[in-house]
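Written below as structure tokens is the structure these notes are about.
The values are calculated or read from the model by the stated rules, or taken from the named source; none is laboratory data. Since the structure is predicted, the reported quantities are computational estimates derived from the model, not experimental observations. Here the Cβ is made from the backbone with ideal geometry for all residues, glycine too, and neighbour counts use every protein chain on show. All accessible areas refer to the heavy atoms of the entire protein, side chains included, with ligands and DNA or RNA removed. Shrake-Rupley method; radii C 1.70, N 1.55, O 1.52, S 1.80 Å.
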Amino acid sequence: MTERPEDATGPGTTGQARPRGRFALLVSAALLLGVLAGLAGVYGIGGVGRNVVATGPAVPPAAGGADMGNQAGGVDDQCRAASEAGKRLAAFATGELAAFAPTLKPTRIPDLAFLAPDGTPVKLSQVGGDGLKLVNIWATWCVPCRKEMPALDQLQATLGRKGSGDVPGFEVVALNIDTRDPAKPKVFFDEIGIKNLALYADPKAQAFQDLRAVGRGFGLPTTMLIDATGCEIGHIAGPAEWASPDAIALIRAALGS
């Protein structure tokens, strides 16, 4: 017969032995759940679902911050327009892009700060020009991230462009969050022959934390389609085949071409 901690008896055992044993078991279970939850946040295991509806921050940001449009009663018309655009793209969320989730609740993505390829500080609003951005958060230790990088490179080669007049631009913004070896992402790009993606880096992984304010950044890879004003149109939590005809069709529809 298996003996459970709360059933243990012996010399000197008092009537309080069972409650103490049960309490110790509950504490151990709680600690185990905490560890598993931490792993889920880092590796995307059991974290945010692939079709989660975007939500605003749980706590209103500081006055004047980049997320003012997400505060209760303060969602701006720009993000409402992005949300409507996301709904129109729902019909294109099929096949390889079936996990694409239109952002039904208007959401402004934080103006993330990171480093440009030359090492100078830059913000998300300063890259990609006047058009759509497919922002991909990745790391070299993330196996799904590594696998989808060539497809993102091909997507940039196929649809990447500068905006002009009434023609919106498009850029894949691949943001690396490796924190230990800043040379490793560059070596990885060289090894697999990435030619079209700019290597943006956030060696402090602060962007990953900032995105949690709007329901992102709970696993890798995380990819968001946002418009020129920083409003999210849709997102995918997890990898996707970005060079597939399904992905090309969705991005073309978002560009209106």
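Surrounded by fewer than 16 Cβ atoms within 10 Å (Cβ to Cβ) and at pLDDT below 95: does that describe R180? Quick ask: steps written out before the conclusion?
Numbers: surrounded by fewer than 16 Cβ atoms within 10 Å (Cβ to Cβ): yes; at pLDDT below 95: yes.
It is true that R180 is surrounded by fewer than 16 Cβ atoms within 10 Å (Cβ to Cβ) and at pLDDT below 95.
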With respect to K133, is the statement that it is basic (K, R) and under 16 Å from the mean Cα position of the chain (by Cα) true?
-> yes
Name every residue in the range 191-237 that is on the phi < 0 side of the Ramachandran plot, among the small types (G, A, S) and open to solvent by 20 Å² or more (accessible area, probe 1.4 Å), in order of residue number.
-> A198, A201, A213, A228, A237
Within the set of pairs 6 or more residues apart or between chains, which connect a residue that is under 25 Å from A253 (Cα atoms) inside the range 208-229 to a residue that is at pLDDT 95 or above and of a type in the set (F, W, Y) with Cβ atoms less than 7 Å apart?
-> P221/W138
Is there any pair linking a residue in the range 174-191 that is within 23 Å of T223 (Cβ to Cβ) to one that is β-branched (V, I, T), with Cβ under 6 Å and at least six apart or on different chains, and which?
-> L175/I137; D178/T140; K184/T140; P185/T140; F188/T140
